[in-house]
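Quick note: the coordinates plus some simple rules give every number you see, no bench work behind them. Predicted model only: the values in this text are computed from it and were never measured. A quick note on method: Cβ atoms are made from the backbone with ideal geometry, for glycine too, and the neighbour counts reach across all protein chains shown.
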Amino acid sequence: MKRFVVALFAVLIMATPALAEKTKVSFWHAMGGDRITLIKEMCDDFNKAHPDIEVTPEYKGSYRDTLNASILAFKQGKAPNIVHIFEVGSQLAVDAGIFMPFEDTIKPGDDAKLDDFVDGVANYYRIGGKFYSVPFNSSNPVLYYNKTLFKKAGLDPENPPKTFNEVIAASEKLKASGAAPYGITWPLHCWFVEQWMGNQGALLANNENGRAARATDILLDSEPMLKIMTWWKKMYDDKLFVYSGKVEDWDGANNLFISGQAAMLITSTSDITFMQKAAEENHFELGTGFLPVADGSENFGTIVGGASLWMTKGHSDKANDATKDFLLWFTNTANEVRWHKGTGYFPVRKSAVTELEKENWFEKNPAYAAAFKQLMATKPVRSTQGAMLGMFPELRNIVTDAVQSILNGADIKATMKDADARADKALERYNRSVK
Amino acid sequence: MQPVFKRHGTAFLLLLPTLVILIFFLYLPTIQTFIMSLYQVGFLGLSKMFVGVENYQIIFTEPEYRDIMVNTLVFVLGSVSLSMALGLAFAVLANEKVTGARYYRLLLIWPYALPPAVAGVIFLFLFSAQVGIINYFLGLIFGITPDWLADPELAMTVVILSTVWKNVGYNVVFYLAALQNLPGDVLEAATIDGATGWQRFWRITFPLLSPMTFFLLIMNTIAAFFDVFAFIDLITKGGPSNGTTVFIYAIYRDGFEYFKSGLAAAQSVFLFLLVVVLTVLKFRLQKKVHYAN
């Protein structure tokens, strides 16, 4: 027995150098469900092609949990090499100081093709002109509509509403004809408010949305904001808009749409694959259109949502090189196409879009077309670049609080003014801590 | 009384594991929380700035936190009184000698065995404004379909009902045990003297149950302060407009969603002191509670 143990140790010791040669790259992400498997498969393929590198992906729960876990791991000196962070966490990630700008790791010989990223996406993740992280899963909000119910109500099924007033008109018709009990639904989430500010060309924060310099003032009581709230409240009062009553209830909104309670739904493009399946199962025809814009405003397009991949500080050059190689491979054209088909998140590289066009993918899957057209039509202005705010999660709650107060009958102007003051105070406190 | 261990060393050695656990998992974190509450902490501790009592100032002066205090009070009073009253009523009924009493008892205790997450989802579905069964029947019978979760008062009602439903079993178990240990001769004597059932309950049973009531009051109150996270998070997420945000939820949100660990620590300290006061109060009042022998 003793001899056996000694032999075992000997084997282990001999085997160690062989194992140690592999550069280990840990990758913490926040994609649940089927996406865990997809990411695992992609990483396995990379590992097979790169015998000297071993990437281990790990699902860490929500975006917030992933970020929290990473910060805590960093404090203990065990930070993962790659962390998946949601778009509104970008400023927070910069301020935390535990990540390094991705673009700095690129060397002249690398096949990085940073110009290949879709403009709207590059616009968001370039901070001060530099990619701090690699864009990965991107989405924006689109209008989904039930063509079958549209026909029933005598609406043109090929022509979804494009403006706030058109949404009201269509909803009234849907309701009056008895086609659906409600016109439209979307999750009560600040994200949509941000989008409706963006497509009106309005800023959410000063200093050009916090992009020219750190934002010091949040703009919640501006004219475009009041337009959004007035429209929303009218729709709620007239029982044209419906929601589950809970904030940020994505599933609740999806269910209202799928069950035919509401004939239109505004939600993320990342649900397109899911919605197509649901429409088939529930026997209705699905249509998609652009996110409606306030009347009288030019449509500047949407702000890119989703998340990007960040590299943490404190690893060896060798590990950083391996990490960079993996990230470039993970987001190359072929993998972007694969990721898009597997999830519905749109590919973030122009070459991947061209690839999909060559395959006639959009003709075969028309529901995706609106999402792409909308992304491509987005104008690269500050409003669609999205605001950079370190306390974004808190801002989102301040806005949803205000929206619910307004829907429950509070004065729009006064409520937004209060919310604005609350947000400014929170921002001031946050900024104080990072100066 | 003779000491069990002659040497203090042996006793200390046996206590050591417990002490180690207490120090590392209870005392040290508590002290750290006190210290942290005086700082503005960023990114879960990556940055730190001394701010004195500012965090406490925020809690006691800002309208948002005043609402949270009121919500906590409403929630604790509502859920504790309701679940204890119902628990007692059910226990008295389940204590009756009827056929199948054992099954009734089992069924009453059942909800307590459910994980809070499951109970939360059940109530979320029940009270869904558009597709919930409650509104389906309300619509059928009365023609009304209230927006349960969109209205702050109704949302609070739903959260209270769900915790009561979940916790009532706990109270039933303890009350049942207490009822079965009541001295039968006293009740018998009262019956012979011509006391009605109602009189017997309020004059004899209820006072005799007071030690149990007292114990349950403390347990329920502490549970109401600390164990509601899952219900709030699943059913309302603290909404609408913070209408169901109670302290424990605000602590989580400030600490882990908004990266305001200092503020969260200050709230923890406040909650801690509140529970200390309650416990002291318990020991003071306990002297007035009637214990048999």
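Over region A:174-279, one equal point on each Cα, no solvent: what is log10 I(q)/I(0) by the Debye formula at q = 0.17, 0.19, 0.23, 0.24 Å⁻¹? So the normalised log intensities are -0.86, -0.99, -1.21, -1.26. With R₀ set to 41 Å, the beta-carbon distance separating B:Asp185 from B:Phe125 gives a calculated FRET efficiency near 0.25. Each 10 Å bin from 0 upward holds the following percent of the Cα-Cα pairs of region B:91-197: 13, 29, 25, 19, 11, 2. The largest-to-smallest principal axis extents of the Cα set in region A:280-323 are 52, 38, 12 Å.
Ranked by the mean number of other Cβ atoms within 10 Å of their residues, highest first, the peptides A:283-292, B:11-20 come out as A:283-292, B:11-20. Shape annotation for the protein assembly as shown: C-alpha extents along the principal axes are 95, 83, 55 Å, from largest to smallest. Principal-axis analysis of the Cα atoms of chain A puts helix A:63-75 at an angle of about 30° to the longest axis. Can you give the FRET efficiency to the nearest 0.05 for B:Asp193 and B:Phe34, using r as the Cβ-Cβ distance and R₀ = 51 Å? About 0.35, to the nearest 0.05. For region A:264-326, trypsin sites (Lys or Arg not before Pro) are listed when DSSP marks them as loop and at most 16 other Cβ atoms sit within 10 Å of their Cβ; the list is A:Lys313. Counting, for every residue in B:227-236, the Cβ atoms of other protein chains within 10 Å of its Cβ and taking the mean gives 1. For the pair region B:142-213 / region A:352-398, the C-alpha centres are spaced 57 Å from each other. Comparing mean-square fluctuations of B:Asn181, B:Asn55, B:Asn71 from a GNM of chain B with C-alpha springs under 10 Å, the top value falls on B:Asn181. Model label sites at B:Thr145 and A:Lys22, defined 7 Å from Cα along the beta-carbon direction, differ in position by 5.6 nm. Normalised by 2.2 N^0.38 Å, where N counts its residues, the alpha-carbon radius of gyration of chain A equals 1.06. Overall shape of region B:64-286 was characterised from the C-alpha gyration tensor. The equivalent ellipsoid obtained from it has semi-axes of 35, 25, 14 Å, in decreasing order. With R₀ set to 22 Å, the beta-carbon distance separating A:Asp317 from A:Leu114 gives a calculated FRET efficiency near 0.60. Quick one: longest stretch of chain B between exposed loop trypsin sites (Lys or Arg not before Pro), exposed meaning at most 10 other C-beta atoms within 10 Å and loop per DSSP? Looking at chain B, B:98-286 is the longest stretch - no exposed trypsin sites (Lys or Arg not before Pro) with at most 10 other Cβ atoms within 10 Å.
Within 10 Å of the Cβ of each residue in B:39-45, the mean number of Cβ atoms contributed by other protein chains is 6.
For peptide B:149-155, the mean count of partner chain Cβ atoms within 10 Å of a residue's Cβ comes to 4.
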